[in-house]
Amino acid sequence: MNARYTSQRCAECGHVAKENRLTQAKFLCVTCGHAAHADVNAAINILRAGLALQAATAS
Ligand SMILES: [Zn+2]
């Protein structure tokens with residue numbers, strides 16, 4: 001995945017849309033309704049991307 005979309009990507013369903021990002025601080029997914037602090041949502045995406053990369057390179 002492209003890391004530049006982590007701030008617009010829903011950590012719950014993976015939907016990416018700039019409309020998900022209500023304000024600098026608020027994230028609300030237009031598809032599934034997942035709501036979180038924008039930084040927390042982005043951090044979860046980055047964490048998952050890191051874990052996926054680790055899993056892909058571990059073997
Ligand atoms: Zn969602």
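Just so you know, all these numbers are worked out from the coordinates, no wet-lab data involved. Treat the numbers as computed from the prediction; the structure is a model and nothing was measured. A quick note on method: Cβ atoms are made from the backbone with ideal geometry, for glycine too, and the neighbour counts reach across all protein chains shown.
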Any residue at all in region 42-58 that is within 14 Å of the ligand (Cβ to nearest atom) and outside any helix (DSSP H, G or I)?
-> no
Taking region 7-39, which residues are β-branched (Val, Ile, Thr) and away from the ligand (no atom under 14 Å from the Cβ)?
-> Thr23
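Quick one: which residue in Ala49, Ala58, Ala43, Ala11 is among the small types (Gly, Ala, Ser) and touching a Cys at 6+ places or on another chain (Cβ under 9 Å)? Steps first, please.
Details: Ala49 fails: touching a Cys at 6+ places or on another chain (Cβ under 9 Å); Ala58 fails: touching a Cys at 6+ places or on another chain (Cβ under 9 Å); Ala43 fails: touching a Cys at 6+ places or on another chain (Cβ under 9 Å).
One residue alone meets the criteria, Ala11.
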